[in-house]
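Structure record follows, encoded as structure tokens.
The values are calculated or read from the model by the stated rules, or taken from the named source; none is laboratory data. What you are looking at is a predicted structure, and each value in this text was computed from that prediction instead of being measured. Glycine gets a Cβ as well: all are built from the backbone with ideal geometry, and neighbour counts include every protein chain shown.
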Amino acid sequence: MAVCSGLILWLTACVPAPAFTPPAATVPPAVFIPTSFPKPTRMFPTSTLAPSATAKPAVPDIPQMTLDVLMDYAAHRAEVKETILYPNRTGDPLTFLVLAVQPNFWQGAFILNSSSVDGAPVTPKLAEQRMEVQLPQVLAPDAMVVLNFDYTLNLPVLSVPGEGQKNLSTFGYSERQLNLAHWYPFVVPYLPGKGWVLHDPWLSGEYLVHDIADYTVHLHFSDPVNPPVVAASGEEIQSIQVGPASNFHHYQLKQGRAFAISASYDYLVSEQEAEGVTVRSYYFPEHQAAGQAVLQTTVQAIQIFTEKFGPPPHSTLSAVEADFEDGMEFSGLYFLSRDYYNQYDGTPQNYATLLAAHETAHQWWFERVANDQALEPWLDEALATYAEHVFLETAYPRLVNWWWSFRVDAYAPKGWVDTSIYDGGKFRPYVNAVYLRGAHFLDDLRGRIGDEAYFAFMKDYLTQMNGRIATKENFLTILRQHTSVDVSDIIAEYFQDPR
Ligand SMILES: [Zn+2]
């Protein structure tokens, strides 16, 4: 969008006829040679073919992603035109970029039709999820390139990972739902001295690491008469809808980590406001009570976490009933499995409530403050799990003891909190170490330094690391700014690397 409008402005500035009339008083006739002025008829082709550098917008602070999506729901297919304005904020000169393309794990799911860098066609190297784009010239620090990709997504069936299969269960379709999750190429983070951060998926846990970016997403459906209900990351911009209102969606998301879309003909939607956030719950018709409970929990959790941690990141948050197992967080959207809606018993003593609070907490710990989800998953998962406790203390204080026994200690958790997804084994031992021992670690830490210091630390950690990718070192450094109490024995008890 920005490139187009820049080009239009440039053209407009060049075309007006008065520019071709030299002021007689200031240009002596002897010097004026009319043929040296380009004729208007030649201006258009020349301008249209002007180097893209002329039309480039200013270098943005963070990547600017534009995704134009034409979705064929019935065929489980989407045609996507993607533009990335990538500013090199790494501090190093770059000769190539590495992008993550998770859909390419499925054969035939990602078909790249064309690619370009600054308008010149390129052929990226694509192997599994790794796409490497050579740059035509070295990209200096604080300079920018414009990447364009045109591709087709053929969605796989949403499936449960089998024994030994890697955990990639959120992208795809079922009989009643289509999910675009980790669906577009994005430039992965780059660490000076270490390089590009793109890990392999594993049996448990998430593995992608996300810098923040600004998103503009346009979504159309190929059947304009009968479009499905859509849940999406970001705020829907109402002003520039084209055609039938429900067949064109224009979303904007500022400083987001991962933009997700879910569509279904079955969704019912309930909505409520909390702390300036429009909260929407999307659920299947047989789960109205659970859908309402998820909405209420999300609203309450936003209120509690705003008070305890700081402001939420976005103006919308959508809770989406997932036709797959477990839950998954995205920017301004989370999925929660239909299994938890099925188990909902009308009380808050169940996973629908606990995990709605957990997934909401990821809007702080994942979205605002990110982490290396593969190597240091505790930095979002332990904080989100212990946030369930923080939620219950205010919302249902009588359930706190039940939570410890039902959610945590029933599993007799063992293992180091700083376990990577690769060292954690299968789902249960991994969760026990990272999530459950992680909750005990944070509770012990809070007990030692006191509530006042603990929550001042949480708020400051959010403020200092907002928009960044935090490490254990960041966590401990900021902790020590809020307490002089010795916590080294607690860290030694829970961390294999207690530095
Ligand atoms: Zn989580």
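At-a-glance table
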quantity: Where a residue in segment 315-332 is on the phi > 0 side of the Ramachandran plot and its partner, wherever it lies, is within 14 Å of the ligand (Cβ to nearest atom) and assigned to a strand (DSSP E or B), with Cβ under 8 Å and at least six apart; calculated: ASP326/SER337
quantity: Residue in segment 354-374 that is away from the ligand (no atom under 16 Å from the Cβ), in contact (Cβ under 8 Å) with a residue 40 or more places away in the chain and surrounded by fewer than 21 Cβ atoms within 10 Å (Cβ to Cβ) present; calculated: no
quantity: Identity of the residue in segment 296-331, of a type in the set (Phe, Trp, Tyr) and not in a loop (DSSP other than H, G, I, E, B), that ends up surrounded by the most Cβ atoms within 10 Å (Cβ to Cβ); calculated: PHE330
quantity: Looking only at segment 321-339, and only at residues there that are of a type outside the set (S, T, N, Q) and within 13 Å of the ligand (Cβ to nearest atom), the one that is modelled with the lowest pLDDT; calculated: ASP326
quantity: Pair list, Cβ < 9 Å and 6+ apart or interchain, from segment 60-71 residues that are over 10 Å from ARG89 (Cβ atoms) to residues that are in a loop (DSSP other than H, G, I, E, B) and among the small types (Gly, Ala, Ser); calculated: LEU70/SER222; MET71/SER222
quantity: Matching residues, segment 332-357, being over 24 Å from the mean Cα position of the chain (by Cα) and not in a helix (DSSP H, G or I); calculated: TYR344, ASP345, GLY346, THR347, PRO348, GLN349, ASN350
quantity: Tally, over segment 380-435, of residues that are surrounded by fewer than 24 Cβ atoms within 10 Å (Cβ to Cβ), of a type in the set (S, T, N, Q) and within 16 Å of the ligand (Cβ to nearest atom); calculated: 2
quantity: Residue in segment 447-455 that is within 27 Å of the chain's Cα centre (by Cα) and surrounded by 21 or more Cβ atoms within 10 Å (Cβ to Cβ) present; calculated: no
quantity: Count of segment 410-448 residues which are at negative phi and free of Cβ contacts under 8 Å to residues at least 24 places away in the same chain; calculated: 9
